[in-house]
Amino acid sequence: MQDTRETIIWLIVTASLIAMLLILFVVLLLYFSQRKQLAFQKYIDSLKSEYEKSLLNTELEIQEQTLQHISREIHDNIGLSLTLAKLHLNTFNSISTGNGTKKIEESAELIGKAIQDLSAISHSLNANVINSNGLLNALEEEALRISSIGTLKVNIIVFGESVFLDDQKELLLFRIIQEAMNNILKYAGASTARIELHYSAERLQLKIKDNGCGFDTGRRNGQTGSGLLNMQARTKSLDGTFAITSNHYGTLIDIIIPIKK
């Protein structure tokens with residue numbers, strides 16, 4: 001009788017252990033299956049992110065090629081035509097007298113200024129401005145060009161020790177700032193703008209401030225919306241973060257770009 005009871009207890013214990021092992025096996029199977037599924041989903045998300053980034057880079061590259069084409073057209077065609085017109089007027093000026101001479105001199109001055117303006121625009125559109133001068137020098141030139149118009153004073157402030165990024169990254173940052181300046185000139189009604197570059201070992205923080213009328217950041221339409229989308233797209237391609245705040249005192253764009261050593 002005692003042996004039978006021990007046998008029954010042993011069978012119960014054994015059956016319980018087997019049941020527990022089976023439950024543990026099922027739990028582990030579900031765990032590893034879920035883990036594998038999560039890893040697969042993460043891989044899919046990674047592929048999707050890489051595809052979107054590749055697509056975005058292709059789009060930005062096409063935009064850059066278009067800008068370079070416009071730059072060459074301005075420089076080679078319009079600039080040449082205006083130069084020839086100026087030379088013609090200068091030649092006519094040398095054999096003319098009276099009031100007509102004054103008119104021609106004024107025309108020559110206006111055409112000369114137009115040539116300089118077109119040259120500056122062409123220069124700012126060309127990506128070689130970054131390759132040749134670097135981001136900071138290119139920004140200084142752009143600030144001078146905008147400030148010379150007389151409606152907006154642009155200041156550039158650098159904090160920390162500047163870090164040279166590769167040409168593509170610096171070009172994207174330059175285009176972001178150009179887009180911001182374009183929006184300020186068109187819509188903000190600002191008298192001053194401030195570009196701050198905060199350098200550290202791990203990141204570059206870019207702040208663009210103006211004292212304009214501001215706008216509702218929740219309602220982005222028209223050219224302003226398109227400009228913001230372009231800035232956000234370029235920031236995303238740099239693995240950065242983009243934030244904007246605006247009120248009737250002005251607008252602040254805050255961008256953080258990681259610096260990978």
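The values are calculated or read from the model by the stated rules, or taken from the named source; none is laboratory data. Just so it is clear, the model here is predicted, and its values are computed rather than measured. Cβ: placed from backbone, ideal geometry, glycine included. Neighbour counts: every protein chain shown. Just so you know, the surface numbers come from the protein's heavy atoms only, side chains and all, with ligands and any DNA or RNA stripped out. Shrake-Rupley method; radii C 1.70, N 1.55, O 1.52, S 1.80 Å.
Net charge in the neighbourhood of T151 (other residues with Cβ under 13 Å of its Cβ; Lys, Arg +1, Asp, Glu -1) is +2. Exposure check, 1.4 Å probe, all protein chains in place: T151 carries approximately 90 Å² of accessible surface.
Counting charges near S132 (Lys, Arg +1; Asp, Glu -1) among other residues having Cβ under 11 Å from its Cβ returns a value of -2. Computed about its Cα centre, the charge dipole of the range 191-260 is approximately 120 debye, with only Lys, Arg, Asp and Glu carrying charge at their Cβ. Legend: translational diffusion of the range 155-207 by Stokes-Einstein, Rh = Kirkwood radius over C-alpha pairs, 20 °C, 1.002 mPa s; D = 175 µm²/s.
Near I184: Cβ cut-off under 13 Å, other residues only, Lys/Arg at +1 and Asp/Glu at -1. The net charge is +1.
With the simple model of a label 7 Å out from the Cα in the direction of the Cβ, R203 to T151 spans 3.5 nm. Taking all protein chains as they are arranged and a probe of 1.4 Å, the heavy atoms of H198 leave approximately 50 Å² accessible to solvent. Here the 3J(HN,Hα) profile of the range 7-14, calculated from phi with Karplus coefficients 6.51, -1.76 and 1.60 at θ = phi - 60°, is 5, 5, 4, 4, 5, 5, 4, 4 Hz, Gly and Pro shown as x. Measuring only protein heavy atoms, the 1.4 Å probe finds L30 accessible over about 110 Å².
When only alpha carbons are used to place a centre, the range 159-223 and the range 137-155 end up 13 Å from one another.
Site pair K36 and N128 shows an inter-label distance of 5.7 nm when each label is modelled 7 Å from Cα along Cα→Cβ. Take the Cβ atoms of I44 and I259, set R0 to 25 Å, and the FRET efficiency comes out at 0.30.
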